[in-house]
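Everything on this sheet refers to the single structure shown next.
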Amino acid sequence: MNENIINELKKIVGEDWVVTKKEVLQGYLLDETAEPVRPKPTEDVVVVKPKSAQEIAEILKLANREKIPVFTRGGGTGLVGGCIPTQSSIVISMERMDKIEVDKENLMAVAEAGVTLGTLIEKAEEAGLFFPAHPGDEGAHIGGLVACNAGGARAVKTGVMRNYVVGLEVVTPTGEILNIGGKLIKNNTSKLLHLFIGTEGILGIITKAIIRLSPQYKATATMVVPFKDRHTAVKTAPKILQSGIIPLGLEYVEKELIETSAKHLGMEWPCKEGNAFLIVILAEFDEETVYSELEKISEICTKNGSLEPLLAETSEEQNKILKIRSEIYIALKPNTIDILDIVVPISKVGEFMDEMDRLAKKYDTYIPAYGHIGDGNLHPHVMRKEGWTMEQYKELKKEIYNAAKKLGGTLTGEHGIGAIRLENLRAFLSDEEIELMRKIKKIFDPNNILNPGRVIL
Ligand SMILES: Cc1cc2nc3c(=O)[nH]c(=O)nc-3n(C[C@H](O)[C@H](O)[C@H](O)COP(=O)(O)OP(=O)(O)OC[C@H]3O[C@@H](n4cnc5c(N)ncnc54)[C@H](O)[C@@H]3O)c2cc1C
């Protein structure tokens, strides 16, 4: 990177907040994408750590003037290589923008983009409130979660990030600062808010978000329902949702996976029976409702062939189950080629999983699959297989995507497109839609400097 540019950056953010040392840069060249498909970074980057939207605006103006690409980095927990600098560029790390205020009266938090999910959860609880979603690794930043419209294990009842965001401060790629929305539940004045949510940072850098919180649920319970096999378990999930009960979360996991995750954490999976499990997370404002829901769900599951459910009532037991579930990917990562993020209509989840069994047989491989079954959002893994080439893995991936498409599903439910899903995107979007997205990008970012090579072909 040109010395003059580095000096200009130092003038904007201060000498201490510009990183050029090779050893320190390494930590900014990767994310949590599985290593075999992770984009190859360039080392010709400079990392800057601004403290305000104004500093970011100045950096973007400089980048436009000099036509230098810029990559925004949040918590680096993304799974599709979104924040990895693949061209000689400026990396803007949001880590210093970490102020948060909870407004108890309006049930909202105003968080700078670099606040972590863990801090948001903690600060909400300290104020006697609750952030119901659990959209990913707790090290993820609010900016990254909003940019990716993250979902997670507790989205069935209250939705994904989009459902929580009522206001944003955004710096456009050309360096204008926008303040959109506010502490308002209804707002039909500004139309731009949702354009920045889920577009993975290609239209602007989110610097602040106003997030809705909920009162604390007074009663919660987590029930693990074991089944003898995958087919019976996944066919039961839609029946729970059709009953009128809306759990906070409804997850699907398999014995081998969940036990591997527990072992990796030095914990023990509490359910000894069964090979496939539904994890039902309930949250209500009184205990009676939770107990009556538990009873009804137990009945539905037993009728559909489940074994004896296991009930976790204390928050410690419940957190343990969520923790083991959340770490499956990390536990499988050493043997994972790629973690996919399929979503299909809920009624088609059973058929999709049967297709995974068929493909596993056809390719003589193992396709672990688990995920947010209550949203039809599953994470089949393409696993390492002795002697296979990248082309063979790609062929299997294509077949998995075709299976999803045939059932009315799509490429990604929450992880996003990032850098690594572009090669499969055409199968899911029309030429017209892609063209419109290109035009929108051009309006916001005429020089294509922000997150180039992401999201749009
Ligand atoms: C163990 C594990 C479990 C996970 N579980 C889930 C899950 O259940 N649900 C789910 O949805 N995701 C999950 N994820 C993925 C990940 O947590 C989410 O994609 C998250 O939204 C990424 O946030 P981040 O701050 O780490 O973003 P990064 O990885 O740093 O960046 C991701 C993308 O967002 C952009 N970006 C980051 N910050 C900003 C900003 N301030 N403004 C504009 N663009 C920005 C980046 O440029 C990049 O394109 C999981 C990841 C791991 C490792």
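Computed from the coordinates by the stated procedures, all read-outs in this text should not be read as laboratory data. Since this is a predicted model, take the numbers as computed values, not measurements. Please note: Cβ atoms are built from the backbone with ideal geometry, for glycine as well, and neighbour counts cover all protein chains shown.
Taking 0.36 nm per residue of separation and subtracting the current Cα-Cα distance, fully stretching the chain between K394 and N319 would add 23.4 nm.
At most 10 other Cβ atoms within 10 Å and a DSSP loop assignment: could you name the GluC sites (Glu not before Pro) in the range 343-399 that fit?
Values: sites: E351, E355, E386, E391, E395, E399; in loops: E386.
Here the GluC sites (Glu not before Pro) that fit, given the DSSP loop and packing criteria, are E386.
Each residue of the range 137-152 is assigned a 3J(HN,Hα), and the resulting list reads 4, 5, x, 5, 8, 4, x, x, 5, 6, 4, 9, 6, 5, x, x Hz, derived from the Karplus form 6.51 cos²θ - 1.76 cosθ + 1.60 (θ = phi - 60°), x at Gly and Pro. Each label was represented as a point 7 Å from its Cα along the Cα-to-Cβ direction; for N179 and F428 these points are 3.6 nm apart. One decimal place: the segment N335-K406 gains 22.7 nm when fully extended, by the rule 0.36 nm per residue minus the C-alpha distance. Please work out the C-alpha center-to-center distance from the range 8-64 to the range 222-248 and express it in whole Å. That distance is 45 Å. Rounded to the nearest 0.05, the FRET efficiency derived from the C-beta distance between D98 and E35 at R0 = 25 Å is 0.30.
For the range 324-457, the number of Lys pairs separated by eight or more positions or lying on different chains, with C-alpha atoms closer than 18 Å, is 20. Ordering M267, M353 from the fewest to the most neighbouring beta carbons within 10 Å gives M267, M353. Summary value for the range 100-215: 33 percent relative contact order, contacts being C-alpha pairs under 8 angstrom separated by 6+ residues.
Restricting to bridges with both residues inside the chain, how much of the DSSP beta-bridge set is antiparallel, in percent to the nearest 5? Present the calculation step by step, with values, prior to reporting the outcome.
Details: 53 of 63 bridges.
Counting DSSP beta bridges with both partners in the chain, the antiparallel share is about 85 percent.
Between E43 and N106, the contour length at 0.36 nm per residue exceeds the alpha carbon distance by 18.2 nm.
Taking a straight Cα-Cα cut-off under 17 Å and skipping sequence neighbours fewer than 8 places away in the same chain, the aspartates and glutamates within cross-link reach of K99 are E55, E112, E122, E125, E126, E138, E169.
Run the dipole for the chain about the Cα centre, Lys and Arg Cβ at +1, Asp and Glu Cβ at -1, nothing else charged, and hand back the magnitude in debye, nearest 20.
Details: 56 positive and 65 negative charges, 242 e Å.
The dipole magnitude comes to about 1160 debye.
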